[in-house]
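Any read-out appearing in this document is the output of simple, stated calculations on the displayed coordinates, not a laboratory observation. Quantities reported herein were computed from a predicted structural model and do not represent experimental measurements. No Cβ is skipped: glycine too gets one built from the backbone with ideal geometry, and neighbour counts run over all protein chains shown.
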2 protein chains.
Amino acid sequence: MLDEERLHRALIGAPRSRAQLNTPVLVLDRDALGRNLTKMAELARQRGVALRPHAKTHKSVDIARRQLAHGAVGICCAKLGEAEVFAAANVQSILITSPVVTPQAIARLARLNAQLEQLIVVVDHPDNAAALAQAVRSRRLQVLIDVDPGIRRTGVVTPEAALALWREIQGLPALQYRGVQYYCGLQQHVAAYEERRAAIAERTAYLQGVIALLTEHAGKPEIISGSGTGTHQIDAELGVFTEWQVGSYAFMDRQYADCQLESTPGQAFEFSLFVETSVVSANTSGIATCDAGFKALATDGGAPVIVAGAPEGATYHFMGDEHGLVVDAPLKHVWQLGDGLRLAVPHCDPTVNLYDAYHVVSGDVLVDIWPVSARGRSR
Amino acid sequence: MLDEERLHRALIGAPRSRAQLNTPVLVLDRDALGRNLTKMAELARQRGVALRPHAKTHKSVDIARRQLAHGAVGICCAKLGEAEVFAAANVQSILITSPVVTPQAIARLARLNAQLEQLIVVVDHPDNAAALAQAVRSRRLQVLIDVDPGIRRTGVVTPEAALALWREIQGLPALQYRGVQYYCGLQQHVAAYEERRAAIAERTAYLQGVIALLTEHAGKPEIISGSGTGTHQIDAELGVFTEWQVGSYAFMDRQYADCQLESTPGQAFEFSLFVETSVVSANTSGIATCDAGFKALATDGGAPVIVAGAPEGATYHFMGDEHGLVVDAPLKHVWQLGDGLRLAVPHCDPTVNLYDAYHVVSGDVLVDIWPVSARGRSR
């Protein structure tokens, strides 16, 4: 164990330990996390929808266990490598939301299927269904037909292709058809609620056509898995999904805070995840350099919001791999070396993937350190 | 050890093992790396400049050892946490290129200084110099004055501030002044050689003014550390630096390949670093989805170049955390599930930081697996 890790372990439970962490550090507010988990679990329960949170967001066994304790039926994983990590931690029901395709990955999938109570994987091509069926031993592998919502990422692209894939699966006794997956990634971040509602309603009408055709031949799908933090309330109204794959709600991030997630204005979930950073250079009035850059914050979602440590209106700007610039536009505020800044992350999933651990706080006290169990497990 | 890691270890030395790796995977061409290391080492030797490669790029003990074997005088680290990793691997001369400022980090720095033959750290503020001096025990800490090349990231912002900082250091017997650091980050990626030359010549004239003032009072700086892969040939001509902090030359990346690095056209260094990815969905002619997205490629440098597995002119487009879209613009090429694609990375440093290991190849054979030793060590 390196110096820094030993020091942080020794801080657990100490007064004001949050401010003594080495930076940049990924900080998780345990209480805000708990409130977010409770809120989504209650909503799903009220609506009679199963909750299968997406673990690609947090990659954390500790958080997955809390979601299961809140009533989740299982978890989603984006990649097989994540599923292996959660299976090793005894999470027994996992849906892999992206096709598993190469021979080496299919061999691993077949082994995982023999270990778990329930492994489900999506398929979007008859060749892949055939390859999966050939690899599976001991017990049947459960599959969902992945339906493309029109972005050409994954999924069958027409209702007829869905039906043809169902027929292929019917001819493969090693596979068990359970239903469909439909993830509208493009619609999650439409900022205005009504615009997002219209967009998702239109896409849901298309899904209903696919489901109608499948139902005619295969019976009603048992599982219709989809939704996300951006559209969950609208999806609840539309009532098509049997389970929700929501992920970001646990943490929130700046991208979702920029959207009105609920029909009534206000932020639906609290920021529970932060990158805390320190001023390392301050030689110009109104400008300071902090120690969080491309390696501390994923850049795909734009800049983070400063939530503490700077005057109202101050902004963060990426300054390369290791640094960020914070600017107080009137060029007045004078930062001191070592000043702390708290950032709400722009996009939670790939930012979490940069860290080995969550430093879990309650108020200003470090209360635990949780590993990012599946960090880097992209294959 | 998880399934995937065990499988990859078993592939070392096997014929055509490169194509059997689970994807997305960070692949390092050992032979191309060797040629890049040799080329830069020879150039530095010819010019009589010390080579102190920046280890923030590769974060690899294996690569640092090869650079030292090629005559490097030591390495640079961007962060203290990286330096701790290299020190634990017995790298004995390290320059930390960013100020170390918080009390908790300064305490770690003082411990590291007691362990290493040579630890050098940059300073850019009298308060920081005083705090360092107070923490240092046993042996003097070597410092360079960091000079801002005009981007307000780190460094003193005027020649007079450099002199004032030198005076402060003179009053602190625990510190040993060794010279200056000057890294022109903004100029590294000016695409045209002559434009870049003019920009760096102008910035070097400023540096010479700072050095003249320091020399008048403090004698000529023993160490003038700076340069980068983008400007090293120009810096060689200008002849001001005593040591080069070049990093990316070991790997090259698309950002540097977009620039004419040498006065004669042609690519100065070879691509030695790749992300290899597989087609996981292919339901539309001319379009396929591969398994490398935001978590497999840093996004700050734009899109990667496809160097194998696609028709000439095909392009990669990020499609979220886990996927990329490859597009053959005439919409003709038909990819098969499992087809491999080889990508040259857009920006090497933050992409390397996403992976636990380099899968080292020679031709189509996996020959070794090297850890990304300091991955995630951002503090």
*Once Rh for the stretch B:186-243 is found with the Kirkwood sum over Cα pairs, what is the Stokes-Einstein diffusion coefficient at 10 °C and 1.306 mPa s, in µm²/s?*
133
_Beta bridges by DSSP in chain B, antiparallel share as percent, to the nearest 5_ = 50
*Assigned charges on the beta-carbon of Lys, Arg, Asp, Glu; the stretch B:1-130 dipole about Cα centre (debye)*: 420
*When Cβ neighbours within 10 Å are restricted to other protein chains, what is their mean count per residue of peptide B:347-356?*
4
*What is the mean number of Cβ atoms from other protein chains located within 10 Å of the Cβ atom of each residue in peptide B:372-379, rounded to a whole number?*
6
_If you restrict to DSSP beta bridges whose two residues both lie in the protein assembly as shown, what percentage is antiparallel, to the nearest 5?_
50
_Across the identical copies, how the B:ARG35 labels are spaced - nm, sorted shortest first, 7 Å along Cα→Cβ_ = 5.9
*Could you check how many percent of all C-alpha pairs in the stretch B:246-379 are farther apart than 22 Å?*
40
*Selection from A:THR154, A:ALA374, B:TYR177 lying farthest towards where the dipole of the protein assembly as shown points positive, charges on Cβ*: A:ALA374
*Would you mind checking which residues have amide H under 5 Å from A:GLN176's amide H? H placed 1.01 Å from N; only 5 or more apart, or other chain.*
A:LEU141, A:GLN142, A:VAL143
*Just how far, in whole angstrom, is the stretch A:160-230 from the stretch B:171-220 if you go by their alpha carbon centroids?*
60
*asked:* Need one value for A:280-292: mean number of C-beta atoms belonging to other chains within 10 Å of its residues' C-beta atoms.
replied: 6
*Roughly how many whole Å is it from the C-alpha centroid of the stretch A:109-142 to that of the stretch A:54-69?*
23
*Dividing the convex hull volume of the alpha carbon atoms of the stretch A:198-316 by its residue count, what do you get in Å³ per residue?*
135
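Classify the stretch B:1-103 from the C-alpha gyration tensor, please: rounded if a/c falls under 1.5, else prolate or oblate depending on whether a/b exceeds b/c.
Details: a/c = 2.84, a/b = 1.43, b/c = 1.98.
It is oblate, given that a/c is not under 1.5 and a/b is not larger than b/c.
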_With viscosity set to 1.002 mPa s at 20 °C, what whole-number translational diffusion coefficient in µm²/s follows for chain B from Stokes-Einstein and a Kirkwood radius over Cα pairs?_
97
*Calculate the dipole size of the protein assembly as shown relative to its Cα centre from +1 charges on Lys and Arg beta carbons and -1 charges on Asp and Glu beta carbons; express the result in debye to the nearest 20.*
1620
*Using 1/(1 + (r/R0)^6) with R0 = 35 angstrom and r between the beta carbons of A:THR284 and A:ALA19, what's the FRET efficiency to the nearest 0.05?*
0.90
*asked:* Using a 7 Å offset from the Cα along the Cα-to-Cβ direction at both B:ASP368 and B:VAL307, what is the distance between the two label points in nm, to one decimal?
replied: 1.9
*What number, in percent, do you get for the relative contact order of chain B if the mean sequence gap of Cα pairs under 8 Å and at least 6 apart is divided by its residue count?*
21
_Cβ-based charge dipole, the protein assembly as shown, positive-most Cα from A:TRP335, B:TYR358, A:SER285_ = B:TYR358
*Output the peptides B:51-63, B:125-137 sorted from most to least packed, where packing is the average of other Cβ atoms within 10 Å over each peptide's residues.*
B:51-63, B:125-137
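Students often get this wrong, so check it: of B:LYS39/B:LYS59; B:LYS79/B:LYS220; B:LYS56/B:LYS295; A:LYS79/A:LYS220, which have C-alpha atoms separated by over 23 Å? Spell out each step's value before the answer.
Working: B:LYS39/B:LYS59 20 Å; B:LYS79/B:LYS220 28 Å; B:LYS56/B:LYS295 19 Å; A:LYS79/A:LYS220 28 Å.
Among B:LYS39/B:LYS59; B:LYS79/B:LYS220; B:LYS56/B:LYS295; A:LYS79/A:LYS220, the Cα-Cα distance tops 23 Å for B:LYS79/B:LYS220; A:LYS79/A:LYS220.
Is the stretch A:149-256 rounded, prolate or oblate when judged by the Cα gyration tensor, a ≥ b ≥ c being the square roots of its eigenvalues, rounded requiring a/c under 1.5 and prolate requiring a/b larger than b/c? Intermediate values should be presented prior to the final figure.
Numbers: a/c = 2.23, a/b = 1.91, b/c = 1.17.
Since a/c reaches 1.5 and a/b is larger than b/c, the shape of the stretch A:149-256 is classed as prolate.
Say R0 is 41 Å: what FRET efficiency, to the nearest 0.05, do A:GLU262 and B:THR315 get from their beta-carbon distance? Don't skip to the end; give the middle numbers.
Numbers: r = 38 Å, r/R0 = 0.93.
Approximately 0.60, to the nearest 0.05.
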*Size of the stretch B:59-174 along its principal axes in angstrom, Cα-based, largest extent first?*
41, 33, 23
_Can you compute the FRET efficiency between A:ALA89 and B:HIS217 using 1/(1 + (r/R0)^6), with r the Cβ-Cβ distance and R0 = 60 Å? Round to the nearest 0.05._
0.45
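Mean residue ellipticity at 222 nm from the helices of chain A, using -39,500 (n - 2.57) per DSSP H segment of n ≥ 4 over the full residue count, to the nearest 500 deg cm²/dmol? Mind dumping the intermediate values first?
Working: 11 runs with 122 residues, N = 379.
Estimated from H runs of four or more residues: -10000 deg cm²/dmol.
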*Measuring label to label, 7 Å along Cα→Cβ, what does A:ALA308 give against each other copy in nm, shortest first?*
5.1
*Hey, which residue of B has the C-beta nearest the axis mapping B onto A, and what's the distance in Å?*
B:THR299, 3
*In nm, what does the list of distances from B:ARG16 to its counterparts in the other copies look like, shortest first, when each label sits 7 Å along Cα to Cβ?*
6.5
*Can you give the Kirkwood hydrodynamic radius for the protein assembly as shown, in Å, rounded to one decimal and based on Cα pairs?*
27.2
*Could you check which residue among A:PHE294, A:PHE241, A:PHE271 shows the biggest mean-square fluctuation in a GNM of chain A with a 10 Å Cα cutoff?*
A:PHE294
_Residues of the stretch A:97-128 with amide N under 17 Å of a point placed 7 Å along Cα→Cβ from A:GLN134_ = A:100-111, A:124-128
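Sort the following peptides by mean Cβ neighbour count (other Cβ atoms within 10 Å, averaged over residues), highest first: A:18-26, B:368-376.
Highest mean packing first, the order is A:18-26, B:368-376.
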